[in-house]
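Colleague: Before anything else, here's the structure in question.
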Amino acid sequence: MAVAVTVSMIACFPLAAWAESVPNEITVYKVQVVSDYVLSRDHGYTRYVTDEGKPVYSVDLTTDPSEYGQQLQLLAEADCGLQYLLTATQKGGAHSTGSTLIDFYITQAATWWYYDNENFSDEFKNENNDDDAYGLVPYYIKPAVEDAWEYAEKNAEVSIGEWQNRVGLNLPTDLCEAEDSGSEWYQTDAIMPFIGDGSMASAEFYTVSVQGNGDGVAILDEYGYERDVFPVGTGFVVRIEKGLLPLQREVKITVSSEVSIPTARIYRTIGGENYERMAALFDEDVTDEETVTVVANADAGRLEDYAKGAVVVAVILGLLI
């Protein structure tokens with residue numbers, strides 16, 4: 001007689017070992033003045049990069065522009081709204097044109113607008129401006145700012161660390177049932193890890209391992225082959241030998257991945273002069289990990305039968321009952 005088994009997946013909050021890849025100081029350089037694509041003025045926006053070529057963006061409208069070769073020190077981690085904005089307006093993002101210079105212009109304008117809506121130019125914000133030949137305000141800049149505000153509001157009660165965990169490696173937390181395979185084991189449905197908020201983080205592979213003694217537990221791909229490394233976007237299956245019941249009813253499974261998560265930082269001038277703060281986006285490669293507890297919950301009446309003796313022996317030997 002087959003025994004129905006329920007497998008509960010209890011996912012711990014993911015633990016991320018954040019890499020020390022964000023510099024405490026940067027040096028910025030003016031590389032060019034980008035045309036004013038919206039207002040068609042003679043002067044445009046000054047484009048800055050770090051000494052490693054990473055673009056940086058002015059945060060303040062009312063302070064002095066940075067000088068060539070100016071050194072800045074890390075001030076703070078940007079809020080997740082700006083992190084969203086800087087990611088969404090980079091090449092490949094939801095509000096990107098694919099042009100390096102136009103995307104810089106979009107990002108710079110959107111950053112000022114995002115932080116200082118009250119003082120940002122009403123003339124610029126006019127969606128019916130004939131000088132805006134590319135339609136950057138109505139189709140790129142304004143939607144990027146509004147999406148960033150919405151994203152920030154949605155995550156207002158979420159700490160930066162919790163937000164970073166949220167966009168990293170995640171596992172479904174729903175209960176799933178393991179069906180009797182008709183042979184010597186019970187098996188879960190495919191468990192599908194995913195990268196939260198995929199537009200802001202990326203990973204190629206994840207690793208699955210059994211904590212402690214893994215005898216009697218197998219990790220399979222969706223085609224039934226045993227393996228421990230899986231491409232992101234595919235699932236894994238946990239198989240438990242019937243012989244483990246009822247003595248071992250819990251199996252802890254660890255899922256880990258190297259995840260690249262964009263993170264925005266704000267810098268200010270060393271020395272405290274009235275220069276603008278600058279924002280930059282960095283990719284942090286982190287080891288992100290979750291633990292899932294697979295619990296085999298056999299029928300309570302059947303467990304009492306196991307405890308009587310004869311059935312226990314049959315189960316331990318892995319025999320069908």
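Colleague: Of the residues Tyr114, Tyr134, Tyr151, which is modelled with pLDDT under 95, within 16 Å of Cys80 (Cβ to Cβ) and assigned by TED's automatic domain parsing to the domain that holds Leu85?
Modeller: Just one listed residue meets the conditions, Tyr151.
Colleague: Test Trp163 against the stated conditions and say whether it is crowded, with 18+ Cβ neighbours inside 10 Å, modelled with pLDDT under 90 and either in the same structural domain as His95 (by TED's automatic domain parsing) or aromatic (Phe, Trp, Tyr) (or both).
Modeller: Criteria met by Trp163.
Colleague: Being part of a loop (DSSP other than H, G, I, E, B) and among the hydrophobic types (A, V, I, L, M, F, W, C) is the filter; apply it to the stretch 203-247 and report the residue that is surrounded by the fewest Cβ atoms within 10 Å (Cβ to Cβ).
Modeller: The selected residue is Leu247.
Colleague: While we're on this one: Could you tell me whether Ile106 is buried (at least 17 other Cβ atoms within 10 Å of the Cβ), within 20 Å of Val34 (Cβ to Cβ) and free of Cβ contacts under 8 Å to residues at least 60 places away in the same chain?
Modeller: Taking the combined requirement at face value, the residue satisfies it.
Colleague: A follow-up question, please. Could you list all residues from the stretch 28-57 that are in contact with a Gly (Cβ under 6 Å, 6 or more places away or on another chain), among the β-branched types (Val, Ile, Thr) and either outside any strand (DSSP E or B) or surrounded by 15 or more Cβ atoms within 10 Å (Cβ to Cβ) (or both)?
Modeller: Result: Val34, single match.
Colleague: Has the stretch 252-260 got any residue that is within 29 Å of Val59 (Cβ to Cβ) and surrounded by fewer than 19 Cβ atoms within 10 Å (Cβ to Cβ)?
Modeller: Yes - at least one qualifying residue is present in the stretch 252-260.
Colleague: Additional query: Looking only at residues that are at pLDDT below 90 and either among the aromatic types (Phe, Trp, Tyr) or not in a strand (DSSP E or B) (or both) in the stretch 261-276, which one is surrounded by the fewest Cβ atoms within 10 Å (Cβ to Cβ)?
Modeller: The extreme case among them is Gly272.
Colleague: Mind listing whichever residues of the stretch 118-152 are closer than 18 Å to Asp79 by Cβ and in contact (Cβ under 8 Å) with a residue 12 or more places away in the chain?
Modeller: Correct list: Phe120, Ala144, Val145, Asp147, Ala148, Trp149, Tyr151, Ala152.
Colleague: What's the number of the condition Asp228 fails, among (1) modelled with pLDDT under 90; (2) under 28 Å from the mean Cα position of the chain (by Cα)?
Modeller: The single condition Asp228 does not satisfy is (1).
Colleague: Further question on the same structure: Is there any pair linking a residue in the stretch 210-227 that is under 21 Å from Lys242 (Cβ atoms) to one that is small (Gly, Ala, Ser), with Cβ under 6 Å and at least six apart or on different chains, and which?
Modeller: That search, which allows pairs on different chains as well, returns Glu226/Ala218.
Colleague: Another question about this same structure. Determine which single condition Glu162 fails, assuming it passes every other condition in (1) under 30 Å from Pro193 (Cβ atoms); (2) part of a loop (DSSP other than H, G, I, E, B); (3) among the acidic types (Asp, Glu).
Modeller: (2) is the only condition that Glu162 fails.
Colleague: I would also like to ask the following. Given the structure, is Leu86 within 23 Å of Pro262 (Cα to Cα) and in contact (Cβ under 8 Å) with a residue 60 or more places away in the chain?
Modeller: Considered against the rule, which asks whether it is within 23 Å of Pro262 (Cα to Cα) and in contact (Cβ under 8 Å) with a residue 60 or more places away in the chain, Leu86 comes out as yes.
Colleague: Within the stretch 70-88, track down each residue that is assigned to a loop (DSSP other than H, G, I, E, B) and modelled with pLDDT of 95 or more.
Modeller: Listed by number, the list is empty, since nothing qualifies.
The values are calculated or read from the model by the stated rules, or taken from the named source; none is laboratory data. Everything quoted here is computed from the prediction, not taken from an experiment. Methodologically, a virtual Cβ is constructed for each residue, glycine included, from the backbone with ideal geometry; neighbour enumeration extends over all protein chains shown.
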